[in-house]
Amino acid sequence: MPVFEASVDLACSPETAFEFLAHPENIRLITPSSVMLVFDAAPQRLSLGARMEFRVQAYGVVRSAVHEVTAWNEPRSFVERQVAGPLGSWEHAHLFQSISNGVRVTDRIEFSPPGGMLGLLINERKIREALDAGFGHRHHELEKRFGIPAGTL
């Protein structure tokens with residue numbers, strides 16, 4: 001299964017970064033506007049077993065998905081898995097590692113493209129390109145909110 005991973009170092013504690021990302025509304029705020037992320041149903045704060053029903057625009061088409069939080073280790077990690085949605089599979093681990101002057105936030109995503117004819121158009125390369133752009137934007141937004149640790153440039 002393909003894996004995508006991206007990290008960002010922030011000038012805050014793991015607890016602060018975890019708390020921010022545990023709120024679906026904050027995820028919406030740091031997602032590129034072109035994705036048009038809309039939560040149809042989600043808790044105010046995630047927890048083990050929480051479900052998020054949402055819509056995103058991908059490749060010019062609005063798609064619905066449902067993700068469930070399958071692991072919760074506050075403030076070190078949480079994992080969300082696609083229960084229903086356009087991809088063959090999707091599991092997103094949010095990891096928070098203490099570093100000397102802040103926290104390293106890592107997004108690790110295991111995914112598989114959709115099956116059938118759609119999988120010919122939305123293949124692994126296109127998904128990786130979209131993830132690179134989307135998480136580049138998210139991590140830049142996190143840096144603007146929390147700062148870059150001193151000595152990191």
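The values are calculated or read from the model by the stated rules, or taken from the named source; none is laboratory data. In this text the structure is predicted, and so the values were computed from the model without any measurement. All accessible areas refer to the heavy atoms of the entire protein, side chains included, with ligands and DNA or RNA removed. Shrake-Rupley method; radii C 1.70, N 1.55, O 1.52, S 1.80 Å.
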Problem - Tensor-based shape of segment 88-153 (alpha-carbon gyration tensor, a/c under 1.5 rounded, otherwise prolate or oblate) - result: prolate
Fill in the blank from the handout: At q = 0.27 Å⁻¹, the log10 of I(q)/I(0) for segment 4-87 from a Debye sum over equal Cα scatterers comes to -1.45
Handout entry: Folded to 0 to 90 degrees: helix 124-146 orientation relative to the chain principal axis, Cα
Key = 30
Exercise for the section: Multiply the residue gap between E124 and V38 by 0.36 nm, knock off their C-alpha separation, and tell me the result in nm, one decimal place. Expected result: 28.5 nm
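When the accessible area of the chain is split by element with a 1.4 Å probe, what percent falls to carbon and sulfur?
53
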Practice task
Write down the radius of gyration of segment 61-106 and its Dmax, each obtained from C-alpha positions, in Å.
Solution key: 13.6, 43
Handout entry: Percentage relative contact order, the chain, counting C-alpha pairs under 8 Å, at least six apart
Key = 29
Practice task
Kindly provide the pair-distance distribution of the chain built from C-alpha pairs, with 5 Å bins from 0 and whole-percent values in order of increasing distance.
Solution key: 2, 9, 17, 23, 22, 15, 8, 3, 1, 0
